[in-house]
2 protein chains.
Amino acid sequence: MSALNPRRTVAELKDLRALTGDENGAQRVAFTKTWLTARQWLRKRVEDLPLEIHNDDAGNTWFTLAGASPKCLLIGGHMDSVPNGGWLDGCLNVLAGVEILRRLHNQYGGKPPVTVRLVDWADEEGARFGKSLFGSSACSGNLNLNEARQLKDKDGIKLPDALREVGIDFEHVKESRKELENAFAYLELHIEQGPVLLDLDLPLAAVLGTFGVERHAITFHGQAAHSGSTPMNRRKDAFLAAAKMSPEIYRIAERSGNGVCTIGSCMAKPGIVTSVVEDCRITLDQRHLDATALATMLLDARIASEKYAREGNLTVTWDRLWQIDPCPFNNGLINLCDEAIRETCGKSHRMPSGPLHDAAEVAAAGVPTVMMFVQSLHGISHNKIEDTKEDHLEMAVTAFDKLADKAIGWIKQK
Amino acid sequence: MSALNPRRTVAELKDLRALTGDENGAQRVAFTKTWLTARQWLRKRVEDLPLEIHNDDAGNTWFTLAGASPKCLLIGGHMDSVPNGGWLDGCLNVLAGVEILRRLHNQYGGKPPVTVRLVDWADEEGARFGKSLFGSSACSGNLNLNEARQLKDKDGIKLPDALREVGIDFEHVKESRKELENAFAYLELHIEQGPVLLDLDLPLAAVLGTFGVERHAITFHGQAAHSGSTPMNRRKDAFLAAAKMSPEIYRIAERSGNGVCTIGSCMAKPGIVTSVVEDCRITLDQRHLDATALATMLLDARIASEKYAREGNLTVTWDRLWQIDPCPFNNGLINLCDEAIRETCGKSHRMPSGPLHDAAEVAAAGVPTVMMFVQSLHGISHNKIEDTKEDHLEMAVTAFDKLADKAIGWIKQK
């Protein structure tokens, strides 16, 4: 019996990097040649295993190791990357899944207790069309077809036309939903993409769920006025009110416990050196794992914006850009994940995920879900310097495999 | 003897508006056909007076009423406007000067005690090439020829080529300096372009000088980071530091007495909703009539920016965009201006000018100078809604004429 070989996973990740990356990082943007190359390479990796392999109607690739029971354990990841991306984001999940399939196949002589399916989601990153979680949201049923139909890349090519190029019929992508039949649990390993585990000096964490997000544009409306002739107390300075929001969101986030708030952009009009700012538009991104806490953060920001507008003789308008509810993961699976980590490296940690992941879509579709995070050096992702220590990668594969085993036992009892 | 007729000035301003404005405001942009039309119309207004009229090497038009003495009193204004400008900015000055020339000619039978010269400066606004005070800075000698030679309009036409079109040889513009020979005083009337007189409910003010200006770009350098995965206490948020500058400049201006500070633009990079701001560039415009106070304001802003950078684990860099020293006007002429106003409407006010004016160039060239401001309704200029009550316009012409008389007496004693 060939045991789990986490070193092989690290070696395969390096092979993939050599094949599909360049000096600027990973280049596996979904629906490009390099992405197709990565997927072909992936199929080669498992050609010795007795897997049923097919692409679903949304372009997600499913690798199924049939088990004694038709109940399914799903393991997910994504081969696609952002342009100039990191070498681990998405593909670590997939290749750890491959290693688990190998171990299960060898251990059970081809037939594990439950059916185990690895899925390579299509276009998790949304790098080309600006819409992330494409394949998993098609599968979960959350994808808004009317919106997605209109998406264009920077060359003006529409998403349905790009999909046709790779053999996907846009109008039928939601038929991929049937893949979730018999799914009893979904597991996803991912690099953290933040500095929490680095700061704690811990290799692994059990993920409690993905943050809910409230994303708004806030525009303060004042009055343009000459920078030389307008006394300070006569100004209706839209930048001043917008600026007051910045320290305020730090206070709001602190009050919320574990929430985060970000002002990521600021546009000042007329935006010239000799005029008081008439209109100032900022974007506010707020995230929390708890729906009530998220709603409180949003309300606090609204109240603050109205106060600063009043103080400055301004008006303020809010436009919702996007929102998604928090997605708490399954408590039973979180506990199993915690156990698997403690058994592997002694100490675990529980944390929410700020970024979204395919796991949120699967959870939203009603499948019990959990994720495991591995420490990210520099706390950075979506960048060629994204990295994780090799021993942490190996621990991640080991712990994730233990979690798979525990999940199989958990499913059997259902 | 025909007395001063301020109503005629108001009527002429309306005629000029009808001739050179449209539903969006005044369109007398320098070096355009409409500007040339306005200047031709101006020459028509004075054709009955025995004036020597010529354009100097910088395109400024001089109307000279020779006096008993070669000592000159100068009265200045500008016919050019910004696109969609106000109906009074610049041309009120010129037409009040025309009315004074008429009164002096009639009173003295063509020969006042000193020579009186009205100048219509070329391109005060700098609307086309982004460089204001062109004609007066050529005349004062302050114009930087190497910089001005490179200026282009939005169609890529260079300033020297545009000047050639209207008969001006760029390489000789500074020869206009000789026009200031024998200049013993310079007077300029202008609409306030701010709300100070409106707030005080006063029609007129004596201007103490033009503010010195320090204009800088301040860039905070932080670290881009994912808005979902980066805890608040791990951020290097360049927008946060830039935002803290906004309330701070209000405190700095307040401490300075009469100074003003403006953050007019803000650019955040990468400027996306899902990232902490890595670089944030704001522009800071600071103005004060007192050089020491201006230097203190600048130092205070630098110290604050470094403090906010330190607090946020950021760095900050400053780039000077432009600066000009304060230009205090002549105390003797300020007192005469104050007298003329009090004699006209009972109560005067003294205030600095935030915006620059041609008067600052003339003063910098060593000519004793003063300006008079008339109240601006709405406190707004460079806009079609710019306006002043007609009785205030008439008072302005009357008081300005009194000032001219007082200045003539003042010059005679020199």
Taking interchain pairs and intrachain pairs at least six residues apart, which have beta carbon atoms under 8 angstrom, with the first residue in the range A:43-70 and touching a residue at least 60 places away in the same chain (Cβ under 8 Å) and the second of a type in the set (S, T, N, Q) and not in a strand (DSSP E or B)?
A:56/A:176; A:57/A:176; A:58/A:176; A:60/A:136; A:60/A:176; A:70/A:182
Report every pair of residues separated by at least 6 positions or lying on different chains whose Cβ atoms are under 6 Å apart, first residue within the range A:140-151 and modelled with pLDDT of 90 or more, second part of a loop (DSSP other than H, G, I, E, B).
A:140/A:365; A:151/A:129; A:151/A:131
Scanning the range B:190-223 residue by residue, the ones that are of a type in the set (Ser, Thr, Tyr) and within 7 Å of another protein chain (Cβ to nearest Cβ) total 0
Quick check on this structure: which one of A:198, A:202, A:189 is at negative phi and buried (at least 22 other Cβ atoms within 10 Å of the Cβ)?
A:189
Give me the residue from the range B:224-250 that is under 14 Å from residue A:285 (Cβ atoms), in contact with a Ser or Thr (Cβ under 8 Å, 6 or more places away or on another chain) and among the hydrophobic types (A, V, I, L, M, F, W, C) and, out of that set, nearest to the other protein chains (Cβ to nearest Cβ).
B:239
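Please enumerate the residues belonging to the range B:254-263 that are surrounded by fewer than 23 Cβ atoms within 10 Å (Cβ to Cβ) and not basic (Lys, Arg).
Of everything in the range B:254-263, those that are surrounded by fewer than 23 Cβ atoms within 10 Å (Cβ to Cβ) and not basic (Lys, Arg) turn out to be B:254, B:256, B:257, B:258.
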Residue A:272 over 16 Å from residue B:273 (Cα atoms), of a type in the set (Val, Ile, Thr) and in a loop (DSSP other than H, G, I, E, B)
yes
Give the residue that is nearest to the other protein chains (Cβ to nearest Cβ), with candidates limited to residues of the range B:278-309 that are acidic (Asp, Glu) and within 22 Å of residue A:240 (Cβ to Cβ).
B:285
If you check every pair at least six apart or on different chains, which have Cβ atoms under 6 Å apart with a residue in the range B:202-224 that is closer than 30 Å to residue B:343 by Cα first and a residue that is β-branched (Val, Ile, Thr) second?
B:204/B:341; B:204/B:374; B:206/B:334
Applying the selection to the range A:23-49, what residues are farther than 28 Å from residue A:158 by Cβ and surrounded by 12 or more Cβ atoms within 10 Å (Cβ to Cβ)?
A:41, A:43, A:45, A:46, A:49
Find the residue count for the range B:264-273, including only residues that are more than 16 Å from residue B:215 (Cβ to Cβ), surrounded by fewer than 24 Cβ atoms within 10 Å (Cβ to Cβ) and within 7 Å of chain A (Cβ to nearest Cβ).
3
Could you tell me whether any residue of the range B:341-352 is within 13 Å of chain A (Cβ to nearest Cβ), surrounded by fewer than 18 Cβ atoms within 10 Å (Cβ to Cβ) and of a type in the set (D, E, K, R)?
no
Counting only residues that are hydrophobic (A, V, I, L, M, F, W, C) and either surrounded by fewer than 19 Cβ atoms within 10 Å (Cβ to Cβ) or touching a Ser or Thr at 6+ places or on another chain (Cβ under 9 Å) (or both), the range A:149-164 contains a total of 2
Only one of (1) more than 7 Å from chain A (Cβ to nearest Cβ); (2) crowded, with 23+ Cβ neighbours inside 10 Å; (3) over 26 Å from the mean Cα position of the chain (by Cα) does not apply to residue B:329, and that is (3)
Name every residue in the range B:103-135 that is surrounded by fewer than 18 Cβ atoms within 10 Å (Cβ to Cβ), on the phi < 0 side of the Ramachandran plot and not in a helix (DSSP H, G or I), in order of residue number.
B:111, B:113, B:131
What are the residues in the range A:164-196 that are of a type in the set (A, V, I, L, M) and under 21 Å from residue A:94 (Cβ atoms), if any?
A:166, A:168, A:173, A:180, A:183, A:185, A:187, A:189, A:191
If you check residue B:93 against the conditions, is it touching a residue at least 40 places away in the same chain (Cβ under 8 Å), of a type in the set (S, T, N, Q), closer than 19 Å to residue B:13 by Cα and outside any loop (DSSP other than H, G, I, E, B)?
yes
Selection count, the range A:276-308, where residues are closer than 30 Å to residue B:127 by Cα and surrounded by fewer than 22 Cβ atoms within 10 Å (Cβ to Cβ):
3
Could you check residue B:253 against (1) at negative phi; (2) more than 10 Å from chain A (Cβ to nearest Cβ) and say which number it fails?
(2)
Can we say residue A:188 is of a type outside the set (Ser, Thr, Tyr), modelled with pLDDT of 95 or more and not in a helix (DSSP H, G or I)?
yes
For residues that are among the aliphatic types (A, V, I, L, M) and not in a helix (DSSP H, G or I), scanning just the range A:219-245, find the one that is surrounded by the most Cβ atoms within 10 Å (Cβ to Cβ).
A:225
Report whether or not residue B:371 is crowded, with 19+ Cβ neighbours inside 10 Å, aliphatic (A, V, I, L, M) and within 12 Å of another protein chain (Cβ to nearest Cβ).
no
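The values are calculated or read from the model by the stated rules, or taken from the named source; none is laboratory data. Everything quoted here is computed from the prediction, not taken from an experiment. Neighbour counts run over all protein chains shown; Cβ positions are idealised from the backbone, glycine included.
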